[in-house]
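Below: one structure, written as structure tokens.
The values are calculated or read from the model by the stated rules, or taken from the named source; none is laboratory data. In this text the structure is predicted, and so the values were computed from the model without any measurement. Please note: Cβ atoms are built from the backbone with ideal geometry, for glycine as well, and neighbour counts cover all protein chains shown. The accessibility values were calculated without ligands, DNA or RNA, using every heavy atom of the protein model including side chains. Shrake-Rupley method; radii C 1.70, N 1.55, O 1.52, S 1.80 Å.
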Amino acid sequence: MSPVFACMAASCDDYRRLAERRLPRFLFDYIDGGAGDEQTLAANCRDFQQVHLRQRVLCDVDNVDTRCELIGQPASMPLALAPLGMAGLYARRGEVQAARAAATAGVPFGLSTVGICSLAEVHAASAQKCWFQLYMLRDREAVQGLLQQALANGCDTLLFTVDLAVAGIRRRDMRNGMLDGTWRGKLAKATQLMQRPGWLLDVGIRGKPHHFGNLTDRVVDPNDLRAFKAWLDAQFDPCVTWSDIRWLREQWPGKLILKGILEPDDALRALDCGADGIVLSNHGGRQLDGVSSTIRQLPKVAEALDRRLPILVDGGIRSGVDILKALALGAQGVMIGRPWAWALAAGGEAAVERLLSSLGSELAVAMALCGVRNLGQVDASLVDSGLAENRIL
Ligand SMILES: Cc1cc2nc3c(=O)[nH]c(=O)nc-3n(C[C@H](O)[C@H](O)[C@H](O)COP(=O)(O)O)c2cc1C
């Protein structure tokens, strides 16, 4: 199927299938895969099915309104695009295309530290300021430099990712040769590339440069990807603790959101450290396989925080119905990762726009059929009561 059919996609799964046909295997697997046996990855989606909404009738649901504030920023619906590394390989200058689509849809876009496009490139191309995602680097001067770049490019919300002390073990990346620097790995990747000539021309050749845009001034030759990767691997800092969060809080004048909190105790510590919000996340099942799904953790974390800190939740959100379930269980909003990656790969900016528009419509329909007209009316009474009290999940 050619990407032109992205205009007919009606669900996240449709975009996923299109992305699979468009991308070289190792890249599709990089997006699609998770850690270990991918049990947490599967649970993230599956556990949404165990949450049951309550259908309400005869409530006058004319003019359903999905508008809201997300971490203090107005948005057309309670959703933001989660930061994804290397999105400039999913489509030509992918971060720019996705940021534009997010701006059109009126929702925030999260740019990864390891995005292909830089903060400046995204800022220049999009009508909306983005949220910047930061990984802690050993070189704290480099971190300060990134914070300066973010501020200089109008960014006022920092997503600081805390669930990547070390990289999770992703078997698909081993099997398909992505992590293999020997001739065998190179041959495997070359074979997969040759099977996707459309991607090769459009993204592989015309989409250059392919280095990590926010980090180019840190390495001697940004075009030497192996040197770049070696620098980055050495820079990831597993020694980060809560005292670094306090340090970051002093450095960063904008909103500070900790991304990758899964346990109530950690959520309370985030509150203690002066964070402005959390993203309840297990990195889309890409880090520790065997941890709970995020939707399962949400009621516990919401109860512990007791509305003192906004919660965004990500992992497995694939429809407007899922968004409503997350809100009913205590989230202020959600982030989506793979769905926008698949749409971007399937049909670029237009497809991401279409995906976001569908998710907004699905949310509005779900709200109407649950008998609510605005998000202020969404609470635990919308879901089966056993769940709201955290008994079923
Ligand atoms: C391909 C891919 C790359 C990712 N890269 C990053 C990243 O650079 N920084 C980060 O904080 N999270 C990253 N994540 C995690 C996402 O931000 C998000 O937490 C996750 O994708 C949500 O789950 P979902 O894909 O089921 O929506 C990545 C996820 C995927 C799938």
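Solvent-accessible area of the chain (1.4 angstrom probe, protein heavy atoms only): carbon and sulfur portion equals 52 percent. Based on C-alpha pairs under 8 angstrom that are at least 6 apart in sequence, segment 247-393 has a relative contact order of 19 percent. Note on residue 186 and residue 57: the extension gain reaches 40.5 nm, defined as 0.36 nm multiplied by sequence separation minus the Cα-Cα distance.
Which residue, 158, 305, 329, has the most motion in a Gaussian network model of the chain that connects Cα atoms within less than 10 Å? Highest fluctuation among the options: 305. Translational diffusion coefficient of segment 241-301 at 37 °C, 0.692 mPa s, Stokes-Einstein with Kirkwood Rh over Cα pairs, in µm²/s as a whole number. Estimated diffusion coefficient is 269 µm²/s.
Hydrophobic long helices, here whole DSSP H runs in the chain with Kyte-Doolittle means of at least -0.5 and Cα atoms spread over 20 Å or more along the helix axis, are found at 338-369. Pairs of lysines in segment 3-388 whose Cα atoms sit within less than 27 Å of one another amount to 14, provided the residues are eight or more positions apart or on different chains. Each of 188, 210, 176 was placed along the dipole of the chain (beta-carbon charges, centred on the mean Cα), and the one lying farthest toward the positive end is 188. Here segment 3-388 is treated with +1 on each Lys and Arg Cβ and -1 on each Asp and Glu Cβ, and its dipole about the Cα centre works out to around 1060 debye. For segment 3-388, the Cα-based Rg and Dmax, in that order, read 20.1, 66 Å.
Computing Rg and the Kirkwood Rh from the Cα coordinates of segment 287-343 gives a ratio, Rg/Rh, of 0.98.
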